[in-house]
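Notes to accompany the following structure.
The values are calculated or read from the model by the stated rules, or taken from the named source; none is laboratory data. Just so you know, these numbers come straight off a predicted model, no measurement behind them. In this analysis, Cβ positions are derived from the backbone assuming ideal geometry, glycine residues included, and neighbour counts consider all displayed protein chains.
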Amino acid sequence: MKRIALPAAIFLAVLATSANPRTFRGQIMDSQCAYDVHSTTASHKEMSQIYGGLTARDCTIMCVEKNDGRYVFLDHDGKTAYKLSSDQSQLKQYAGKKVEIVGEIGPKKDFINVTHIKALE
């Protein structure tokens, strides 16, 4: 048991000290718009024109609930989208809103392990 406990304790200590949380600012969007599935601008512009003036919130919720999308985070630069560790149902309240997220980027650099999220508007 001692042979397993010491390596495990060292691993956990290294893991705890290697955590590098960052703060991100951007918008909670649907995966289709953020990843340009039906958009060419990583925005809701095209969908808003097709469906007659949808708000960012309405477009995000519609694409998630009716088009099998997922809530994702689009960084403030409008170029980098991340999947999120948060429960998708909890993210609906932030749909289309600008937010601040605290978390760590996953090893593939396409995922944020969210520890805190708050609306900025």
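Working only within the stretch 43-76, note down all residues that are surrounded by fewer than 18 Cβ atoms within 10 Å (Cβ to Cβ), out of contact with any Leu (no Cβ under 8 Å at 6 or more places or on another chain) and free of Cβ contacts under 8 Å to residues at least 24 places away in the same chain.
45, 46, 49, 50, 51, 52, 53, 65, 66, 68
Please verify whether residue 40 is among the hydroxyl-bearing types (Ser, Thr, Tyr), exposed (fewer than 15 other Cβ atoms within 10 Å of the Cβ) and either out of contact with any Cys (no Cβ under 9 Å at 6 or more places or on another chain) or more than 21 Å from residue 20 (Cα to Cα) (or both), treating the condition exactly as stated.
yes
Could you list all residues from the stretch 26-61 that are small (Gly, Ala, Ser) and more than 28 Å from residue 102 (Cβ to Cβ)?
Once the filter is applied, which keeps residues that are small (Gly, Ala, Ser) and more than 28 Å from residue 102 (Cβ to Cβ), the stretch 26-61 yields 48, 52, 53.
Quick check on my filter: what residues within the stretch 94-111 are in contact (Cβ under 8 Å) with a residue 40 or more places away in the chain and in a strand (DSSP E or B)?
The answer is 95, 98, 99, 100, 101, 102, 103, 104, 105.
So residue 33 fits all but one of (1) surrounded by 14 or more Cβ atoms within 10 Å (Cβ to Cβ); (2) modelled with pLDDT under 70; what number is the exception?
Against the list (1) surrounded by 14 or more Cβ atoms within 10 Å (Cβ to Cβ); (2) modelled with pLDDT under 70, residue 33 comes up short only on (2).
Out of the stretch 65-85, which residues are assigned to a loop (DSSP other than H, G, I, E, B) and either hydroxyl-bearing (Ser, Thr, Tyr) or on the phi > 0 side of the Ramachandran plot (or both)?
Matches in the stretch 65-85: 68, 78, 80, 85.
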